[in-house]
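The values are calculated or read from the model by the stated rules, or taken from the named source; none is laboratory data. Bear in mind that the values here come from a model prediction, so they are computed numbers and not experimental data. Please note that ligands, DNA and RNA were not included when accessible areas were found on the heavy atoms of the full protein model with its side chains. Shrake-Rupley method; radii C 1.70, N 1.55, O 1.52, S 1.80 Å.
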Amino acid sequence: MDIVYIRELRIETIIGIYEWERRIRQSVVLDLEMAADIARAAATDNIADALNYKAVAKRVIAFVEASQFQLVETLAERVAEIVLEEFGVAWLRLRVNKEGALRGARDVGVVIERGQRD
């Protein structure tokens, strides 16, 4: 299995359970690892044969910016569903972190894996 990845995709959104969090935009940082067979793209050197990471990033950014979830767990599940369904990805590992959410910690968040890993 080959992996196409996006690291430290920083997006502003409304996220959190507290009243003050519902009134501001906060940064979440996403790391995505997506299963992709890159052999055909490498052979043809054609973006049409590749998992277009720019298209994935643009879709994820648009979705997250428009979202207003309370939990990073919910955000992670919805992003995973989009990537798996809309981009034909068979397996995904997604890390969502909310920097500064916990005093004394650099970041906190979740890591999920969805789909079938070959």
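DSSP assigns beta bridges within segment 1-102; of those with both partners inside it, close to 90 percent run antiparallel.
Centre-to-centre separation between the Cα atoms of segment 52-118 and those of segment 19-39: 4 Å. A 1.4 Å probe run over segment 47-118, with the rest of the protein chains in place, finds 61 Å² accessible per residue. Across all Cα atoms of the chain, the radius of gyration (one decimal) and Dmax (whole number) stand at 15.3, 52 Å. At full extension, residue 24 and residue 102 could sit 26.4 nm farther apart than now, given 0.36 nm per residue minus the alpha carbon distance.
Taking the protein heavy atoms of the chain in the context of the full set of protein chains, the accessible area attributed to carbon and sulfur is 48 percent at 1.4 Å. Taking Cα atoms only, the orientation of helix 53-66 departs from the longest principal axis of the chain by about 20 degrees.
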